[in-house]
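FYI, it's all coordinate maths here, none of it is from the lab. None of the values given here were measured: they were computed from a predicted structure. Cβ placement follows ideal geometry from the backbone for every residue including glycine, while neighbour counts extend to all protein chains displayed.
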Amino acid sequence: MMCASVSQETDQLVTSLVAAFPGYIAGRLDAIGVIPDDAMTRAVGEAIKSLDADLRKLLSKSAAEQVESPLEVVRRATERVTVALEAAGVTQADRDDWAKENQPGDKYGLYPASSQQLGEQAWQLHLDWGVRKAEAVAGVVPASPPEPGPGLPVVALFGVPIDGRSRLVEGIERRGFGSVMWRNPAALENTQEVRPALAVVHLGHPGAHDAIRMLSDAGIGVVAVGEDVNDLTTPGILALGAREVVESSRLLSSLDRLLPDRA
């Protein structure tokens, strides 16, 4: 029964992402003023086939072996369309410095920033995948976070250790935000009900990398916090989707800058 359930979930996620892909690409091409010709149509068709095959290959592996997220596979599939655009002599998109440095292959801005851009069903199934993978990798059981105060925007704290946590919560609440403590990956299911204005993910948690991927894929801003932040480790964390990486000792003093504007 368990295998059948996992297989069905995999099929649903693959089917949803593959079905959403051509419409998403059509919208991106329209946004950059490209009318698809025969060569572009063939490129999109090849991208769809590779996307289906690559997703099934990824999701047939164990959770620990899934080193990519399904959204990363979708992004890679867009690169076939990028090649066709280059061949057609289309002018590259005007992208910011972060995108140029961290996503050099996305020359026309085709990467979906979040699985939400692929539709509600794909987004929900992708969130479900993230929860299952994070649970399996971290080896923890579900926990229910406390409810935030009514009407307050929420900052989610994922894996933040108890040492210094109370001061962080006080700092967040002084600035007009509620807070929830997510102690394990299973609590990430609450993104579907309590959507944080910001998530702080501690890099010392075993599920930190999966949490960063999942939250950023859901369109939630992520600040990664760690004890040994340096120029060697930061690019890899940013590539997972974190908005910023901050040394733990600097987090409190950086809250005014990191928290979103409530106005």
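A few comments on the model shown:
- Size descriptor for region 2-136, Kirkwood hydrodynamic radius: 15.6 Å (Cα pairs only, one decimal).
- Proxy reagent accessibility, fewest Cβ within 10 Å first, across Val229, Val222: Val229, Val222
- Linear extension gain, Arg175 paired with Asp38, 0.36 nm per residue minus alpha-carbon span: 43.8 nm
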